[in-house]
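In what follows, a structure is listed as structure tokens, so that the remarks can point back to it.
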Amino acid sequence: MTRAITILTENFADWETALINSTARLYYGFYTQFATPGGLPVTSSGGMLVTPQLALEEINLEELDLLMVCGGSHWQSGKAPDLGPLLRAARDKNVVLAGICDGTRVLAQAGVLDTVRHTSNSTDNLASTGYAGAALYQDVPWAVADQRIITAPGTAPVTFTREVLRALGIADDNLAAYLAMHGAEHGQADRAHLAA
């Protein structure tokens, strides 16, 4: 069974990892868990209270296939935990790493984006982290995957889901149809707007 952990903090962005966790758990049988600093409950930016299954300090990389960092305002608050050692160890063990929105800042601060193509909400979002990977930044509105590291702007949960699952070897017709359904409104809205 594929095991995935999503790291959440106070004011995490509800929508960013919801689709990947739901798809992975319900359709592909993943064992999904959530971890927070100290294992304490956190409240999302939308007001949803989440009680995690474990503390960040309890994450066991030996039993893990996927480690995701959900975005949220806490990552820029000055009170965020240092995930550098955990993320570097996960990369070294070939665990798939994924960050969305300000979760990409956490990956940059850990140095795991220094040698891979990546994206974020903007180049400015990562510049203040002091990371060395700016030359590999991709200025695109969708998820970018490189060497089992996936990054995405906060507005791209559908392509984030696709690239995370692809990194784990899942890319079937059912997934393509499911993700097309979730992204359909964007293409149709763009065409309708252009025709108006």
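The values are calculated or read from the model by the stated rules, or taken from the named source; none is laboratory data. The model shown is predicted, which means the values in this text are computed figures rather than measured ones. All Cβ positions, even for glycine, are placed from backbone atoms using ideal geometry, and neighbour counts span all protein chains on display. To get the accessible areas, we keep the full protein, side chains included, count just its heavy atoms, and leave off ligands, DNA and RNA. Shrake-Rupley method; radii C 1.70, N 1.55, O 1.52, S 1.80 Å.
At-a-glance table
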item: Per-peptide average of other Cβ atoms within 10 Å, ordering 169-175, 7-13, 150-156, 100-106 highest first; result: 100-106, 150-156, 7-13, 169-175
item: Residue-averaged 222 nm ellipticity for the chain, from DSSP H runs of 4+ at -39500 (n - 2.57), nearest 500; result: -10000 deg cm²/dmol
item: Per residue accessible area of the chain, 1.4 Å probe, in Å²; result: 48 Å²
item: The chain - share of DSSP beta bridges that are antiparallel (%, nearest 5); result: 25 percent
item: Carbon + sulfur, % of accessible area of the chain - ligands and nucleic acids excluded, 1.4 Å; result: 51 percent
item: Quarter of the Cα convex hull surface for the stretch 82-196, i.e. its orientation-mean projected area (nm²); result: 8.0 nm²
item: Fraction in percent of alpha-carbon pairs per bin - 5 Å, the stretch 1-48; result: 5, 21, 27, 23, 16, 7, 0
item: Separation between Cα centres of the stretch 21-53 and the stretch 70-136, rounded to whole Å; result: 20 Å
item: For the stretch 36-53, 3J(HN,Hα) per residue [Karplus equation, 6.51 cos²θ - 1.76 cosθ + 1.60, θ = phi - 60°, Hz, x = Gly/Pro]; result: 9, x, x, x, 7, x, 10, 10, 6, 4, x, x, 7, 8, 10, 9, x, 7
item: All-pairs alpha carbon distance profile, the stretch 49-135, 5 Å steps from 0, percent; result: 3, 13, 26, 27, 18, 10, 3, 0
item: The stretch 149-155 - phi-based ³J(HN,Hα) in whole Hz, Karplus 6.51/-1.76/1.60, Gly and Pro as x; result: 10, 10, 10, 7, x, x, 8
